[in-house]
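See structure below.
The values are calculated or read from the model by the stated rules, or taken from the named source; none is laboratory data. Here the structure is a predicted model, which is why all the values come from computation and not from measurement. Glycine also receives a Cβ, built like all others from the backbone with ideal geometry; neighbour counts cover every protein chain displayed.
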Amino acid sequence: MLDLRHYRAVLLDMDGVLYRGKRPLPGVAELLAVFNERGIAYACVTNNATLTAHQFSEKLASMRIHMPAERIVTSPLGTRRYLEGQAPRGTGIFCVGMDGLRSALFDDGYFVEDDQHPAFVVVGMDFEVTYRTLRRACLHIRAGARFIGTNPDTTFPAEDGIVPGCGALLALLRAGSDQEPYVIGKPGPALFHAAISLLGADPTQTLTIGDRLDTDIAGSRAAGLPSLLVLTGVTTAAMLDASTLQPDDVYDDLLAVAAAFRAA
Ligand SMILES: [Mg+2]
C-alpha cells in the first residue's frame, strides 16, 4: 500500500482512467477536487495520438471534466520533441495518423509532409487508415525511412469493447516492412519525464495512475515512479492476478482513490 500523504504531484492516464469512450468514469470530479483542495499538482499523460491537447481538453470539458490543454502531454507531443532532436527543420515525414499527430508534426512547418523520399515514417492511431496509406508506409520504410511509432498500445477500451490501437497498426507495418519501429510513448519514460518537467514536480513525490500494466505501470517503472492501477479500463482483476508486472497499489476506480486521498 502506498502512503498517499507523501505525494505532491499525480500523473493521470486518460482512456480507461478518466473516461471510457464518451462517458466519464466514476470519481473523476471527486479526485480532482481533492487534488485542488490539497494543492496536489496533476497532469494527464496519454499514449493516445488521435487528438491534440486542445481537442482532449474540449472532449474532457464535454464530460464536465476541467483539464487545461497545457496539462495534457500526448504521445504526438513526445514524438515531436524526439524527432526535433534527430533531424533539422524541413525534414520530410510520411505520417500515418490523425489530427493529434499531424498538428504536432506539421503545424509550425518544422517538418514537412513527404510521400516521395521521407526521412521518417511516423505512425499513430488512424481511424480512417486505408490500404493505400499502409502500402506507401511499407515502401518508404523498405526504401530506408526510419520507422517511428507514437505508442505501442495494441488495444484501447471503447464504449462497445476493446478495439485495435496504434500497436496493432505497428504490428501490421512491421510484418509488411520487415522492420522494427522505434516507439515513443509508454512504456518508455519520455512522456512521464515531460509531464514532471511541465509541472515542475519533484519526481520523488510524484505518483502515476493508469489502467494498463504493459504501458502505464511498466512506463512508471521505467521513469522510476510509483504507480497505482485502477480497474476501470483494460486490466481486469484476473489479468492482474496472472501478471508478473505489478503496480504499487490497486483501486477499483477513481472514487475509491479519491476517498483514499481524502482519508490520508
Ligand atoms: Mg488507459
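Exactly one residue out of Ile148, Ile162 is among the β-branched types (Val, Ile, Thr) and closer than 19 Å to Leu77 by Cα: that is Ile148. Considering only residues in segment 216-256 that are surrounded by fewer than 24 Cβ atoms within 10 Å (Cβ to Cβ), at pLDDT 95 or above and of a type in the set (Val, Ile, Thr), the one that is farthest from the ligand (Cβ to nearest atom) turns out to be Thr244.
Here is a check on your reading of the model: is Thr130 polar (S, T, N, Q) and farther than 30 Å from Ala41 by Cα? Yes, satisfied. Here the helices (runs of 4 or more DSSP H) wholly within segment 181-264 that include at least 3 residues being within 16 Å of Pro157 (Cβ to Cβ) and assigned by TED's automatic domain parsing to the domain that holds Arg23 are 237-242.
Counting only strands (runs of 3 or more DSSP E) that sit completely within segment 12-113, those holding 3 or more residues that are within 16 Å of the ligand (Cβ to nearest atom) correspond to 41-46, 72-74.
Only residues that are in contact with a Cys (Cβ under 7 Å, 6 or more places away or on another chain) and not hydrophobic (A, V, I, L, M, F, W, C) were counted in segment 92-114, giving 2. Among the conditions (1) in contact with a strand residue (DSSP E or B) (Cβ under 7 Å, 6 or more places away or on another chain); (2) in a loop (DSSP other than H, G, I, E, B); (3) modelled with pLDDT of 95 or more, Phe147 misses just one, which is (2). Restricting attention to segment 133-163, the residues that are exposed (fewer than 15 other Cβ atoms within 10 Å of the Cβ), at negative phi and not hydrophobic (A, V, I, L, M, F, W, C) total 4.
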